[in-house]
1. Considering every residue within region 347-363, establish whether at least one is among the polar types (S, T, N, Q), within 28 Å of Trp161 (Cβ to Cβ), open to solvent by less than 40 Å² (accessible area, probe 1.4 Å) and out of contact with any Lys or Arg (no Cβ under 9 Å at 6 or more places or on another chain).
2. Please go through region 59-83 and pick out each residue that is of a type in the set (Gly, Ala, Ser) and in contact with a Ser or Thr (Cβ under 9 Å, 6 or more places away or on another chain).
3. Of the residues that sit in region 127-147 and are more than 16 Å from the ligand (Cβ to nearest atom) and under 22 Å from Thr82 (Cβ atoms), which one is surrounded by the fewest Cβ atoms within 10 Å (Cβ to Cβ)?
4. Go through (1) in contact with a helix residue (DSSP H, G or I) (Cβ under 9 Å, 6 or more places away or on another chain); (2) in a strand (DSSP E or B); (3) more than 15 Å from the ligand (Cβ to nearest atom) for Asp64 and report which single condition fails.
5. Quick one: which residue in Thr83, Thr106, Thr102 is within 16 Å of the ligand (Cβ to nearest atom), modelled with pLDDT of 95 or more, under 30 Å from Val332 (Cα atoms) and touching a Gly at 6+ places or on another chain (Cβ under 7 Å)?
6. Which pairs do you get when a residue that is over 18 Å from Pro242 (Cβ atoms) and open to solvent by 20 Å² or more (accessible area, probe 1.4 Å), found in region 68-93, comes within reach of a residue that is aromatic (Phe, Trp, Tyr) and within 16 Å of the ligand (Cβ to nearest atom), reach meaning Cβ atoms under 7 angstrom, with the pair 6+ apart or on two chains?
7. Select from region 69-83 the residues that are in contact with a helix residue (DSSP H, G or I) (Cβ under 9 Å, 6 or more places away or on another chain) and either under 30 Å from Lys113 (Cα atoms) or not in a loop (DSSP other than H, G, I, E, B) (or both) and list them in ascending order.
8. From the list Arg221, Arg255, Arg189, which one is within 26 Å of Arg296 (Cα to Cα) and either surrounded by fewer than 22 Cβ atoms within 10 Å (Cβ to Cβ) or touching a strand residue (DSSP E or B) at 6+ places or on another chain (Cβ under 6 Å) (or both)?
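The values are calculated or read from the model by the stated rules, or taken from the named source; none is laboratory data. These numbers come from a predicted model, not from an experiment. Note that we place each Cβ from the backbone using ideal geometry, even for glycine, and neighbour counts take in every protein chain shown. Protein only, heavy atoms only, side chains kept; ligands, DNA and RNA dropped before computing areas. Shrake-Rupley method; radii C 1.70, N 1.55, O 1.52, S 1.80 Å.
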Amino acid sequence: MAETLKTVVHNFNSGPSVLPKEVFEEASRAILDFNNSGLSILEIGHRTTLFQPVMDEARQLAKDLMSLDDDHEVLFLHGGATTQFMQVPMNLLSQNGTASYTETGTWGVKAIKEARLFGNVHIAGTTKENNFTSIPDKLDIDPSSVYLHITTNETIAGTQWHHIPYDCGVPLVADMSSDILSRQIDFNRFALLYAGAQKNMGAAGVNLVVVDKNILGRSGRTIPTILDYQVHIKEGSMLNTPPVFAVYVVLLTLRWLKKNGGIAAMEKLNQEKASLLYGTLDSLPLFNTPVAKKDRSLMNAVFTIDDPQIEKEFLELCKQEGMIGVKGHRSVGGFRVSMYNALSIESVRAITDLMKDFANRKL
Ligand SMILES: *Cc1c(COP(=O)(O)O)cnc(C)c1O
């Protein structure tokens, strides 16, 4: 039996997640006929005059939107952020060297596990003791570290670094998978940053990597060709067949972002959305918010209801009303509402109206 689907869907998925409708439309057209070539984007060679401009424009647009200087190279590489968990230490950390890591949730824990395969890891700050419901107030960085790694936004725990430790004294490296291009950051002050595209920037299958080329080539290790950033820079992200379609979707999303005012405009809208959502949660005693207020993520809001029966009821109601992806991550429970760039404020208004209505009925 076909279920009756609500025609209006509000997509709060944590990733892969909502993208602008015009990106879906244009990407669909490109599958049928790319730039009036009579060919699908899925059947063109990557080293052609059809695709090369896609890669070039995507790299240039990323550079422009992030105001990167000439030391910083933009790469589009295969795989998700999980690949970067090992590729970063493989390229930067020598066997006897040390890297400092912050442990602020599931993603940080995974990054640390991989780094330990390549060198020494010093934990510079952790909030494990409070179930990752805050960002460390102080850092204890090993001054000999080749870098400090942070996760700017912990997608599962719902925390975000609002004060980036730019002055930590060692090169800064960040996993920005879930808040890339969502707020103004001084990207040039990072030695390396990476982000899987599928949260805020495009389709799954491609990573954005921004790297200061001056930090490369010092690990003393022979790096497999496909994992060597220096080779990718030299080859302009075209060492082998790139994930052609995923790069194209990133390009369309970057164009949309530029047309809509760039990162500054996104940040303003993201602040409005988050303050509407958190303001509503704070006004309704039915809902609990575990994360420390100062460290709340503008991208992923995590909340719970004490009574599991009522929690189930609210989830069911969300489903009926076309609210997708609000169930919390299995490791945290409760609810999670993700508010990436392409999520409209109308969607946030729809779920906050539902929360108020539901809470009033439960009084
Ligand atoms: C989703 C996510 C990852 C993992 O990304 P994959 O593309 O699945 O490897 C890593 N870090 C953060 C912060 C994420 O949100």
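1. Of region 347-363, the ones among the polar types (S, T, N, Q) are 347, 352, 360.
From what is left, the residues that are within 28 Å of Trp161 (Cβ to Cβ) are 347, 352.
Filter once more, so that each one left must be open to solvent by less than 40 Å² (accessible area, probe 1.4 Å): 347, 352.
Adding the requirement that they be out of contact with any Lys or Arg (no Cβ under 9 Å at 6 or more places or on another chain) leaves 352.
Yes, the conditions are met somewhere in region 347-363.
2. So the first thing to find is which residues in region 59-83 are of a type in the set (Gly, Ala, Ser), and the list is 62, 67, 79-81.
Listed by number, the residues that qualify are Gly80, Ala81.
3. Lys128
4. Going through (1) in contact with a helix residue (DSSP H, G or I) (Cβ under 9 Å, 6 or more places away or on another chain); (2) in a strand (DSSP E or B); (3) more than 15 Å from the ligand (Cβ to nearest atom) one by one, Asp64 breaks only (2).
5. Thr102
6. Hits for this filter: zero, empty list.
7. Hits for region 69-83 are Asp71, His72, Glu73, Val74, Leu75, Phe76, Leu77, His78, Gly79, Ala81, Thr82, Thr83.
8. Checking each option against the conditions leaves just Arg189.
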